[in-house]
Amino acid sequence: MAKQTAAASATYILRAVLKPRLYRDIEIARDASLHALAMAIVDAYGFDFDHAFGFYSKLTGNIYQSPVRYDLFADIEGTTDAGSVKRTPTQTAFPGIGRKMTFLFDFGDEWRFKVEVIGAGETMPKTRYPKVVAKAGEAPPQYPDPEDDE
């Protein structure tokens with residue numbers, strides 16, 4: 001029984017990279033859902049959590065052809081062959097240090113984050129998870145001003 005308790009209190013530290021030298025490191029319980037991880041990534045960048053999203057095993061190219069996929073549509077519509085983000089624990093999609101996936105937020109604007117497990121730990125008493133443990137770079141605005149392109 002002690003093994004089960006230790007696993008339940010285990011955490012991952014995941015790095016969500018938007019561009020080189022622009023990332024957020026997030027510590028989250030390994031048994032937290034991919035939905036919770038998505039919320040943590042979006043929040044760490046200061047974005048509104050107002051769009052559909054998914055996690056994909058392909059890191060480049062057509063990520064929609066990934067052999068392993070989890071997306072919000074599986075939970076909303078149930079018509080996709082992707083896995084559920086609400087029922088899938090982070091440790092299932094990221095079974096160990098070094099595991100990577102693409103996190104796509106907002107299918108229109110296509111914010112693509114490379115997410116990698118960079119460390120593991122244990123939950124600490126009186127500590128809220130998920131939590132941002134490191135930042136690099138200034139997050140871009142979620143909705144850039146169209147006039148800035150001119």
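Read-outs throughout are calculated quantities, based only on the coordinates presented, and are distinct from any laboratory measurement. The structure presented is a predicted model; accordingly, all values stated were derived computationally and were not measured. Note: ideal-geometry Cβ built from the backbone for every residue, glycine included; neighbour counts use all protein chains shown.
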Using helices alone, what [θ] at 222 nm do you get for the chain, with -39,500 (n - 2.57) per DSSP H run of 4 or more residues, divided over all residues and rounded to the nearest 500? -4500 deg cm²/dmol
Can you pull out the GluC sites (Glu not before Pro) in the range 109-139 whose DSSP state is coil and whose Cβ has at most 12 other Cβ atoms within 10 Å? Glu110, Glu138
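Set the Förster radius R0 to 22 Å, insert the Cβ-Cβ distance between Asp109 and Ser9 as r into 1/(1 + (r/R0)^6), and round the FRET efficiency to 0.05.
Result of the calculation: an efficiency of 0.05.
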³J(HN,Hα) across the range 49-58 via Karplus (A = 6.51, B = -1.76, C = 1.60, θ = phi - 60°), whole Hz, x for Gly/Pro? 8, 10, 9, 6, 7, x, 10, 9, 6, 6
Starting from the range 100-150, pick out the chymotrypsin sites (Phe, Trp or Tyr not before Pro) whose DSSP state is loop and whose Cβ has at most 15 other Cβ atoms within 10 Å. Phe107
Contour excess over end-to-end distance, with Cα ends at Asp31 and Lys126 and 0.36 nm allotted per residue: 32.4 nm
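Sorted by mean Cβ packing within 10 Å, highest first, what order do the peptides 54-65, 82-93 take?
Numbers: 54-65: 15.3, 82-93: 18.6.
In descending order of packing, they fall as 82-93, 54-65.
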What lysines could a cross-link reach from Lys86, if we take a straight Cα to Cα line under 22 Å and drop same-chain neighbours fewer than 8 places away? Lys58, Lys100, Lys114, Lys131
re the range 14-150: pairs of Cα atoms spaced beyond 18 Å account for a percent value of 54
How large is ³J(HN,Hα), in whole Hz, for each residue of the range 130-135 in order, when computed from phi with the Karplus curve 6.51 cos²θ - 1.76 cosθ + 1.60 and θ = phi - 60°, using x for Gly and Pro? x, 8, 7, 10, 7, 9
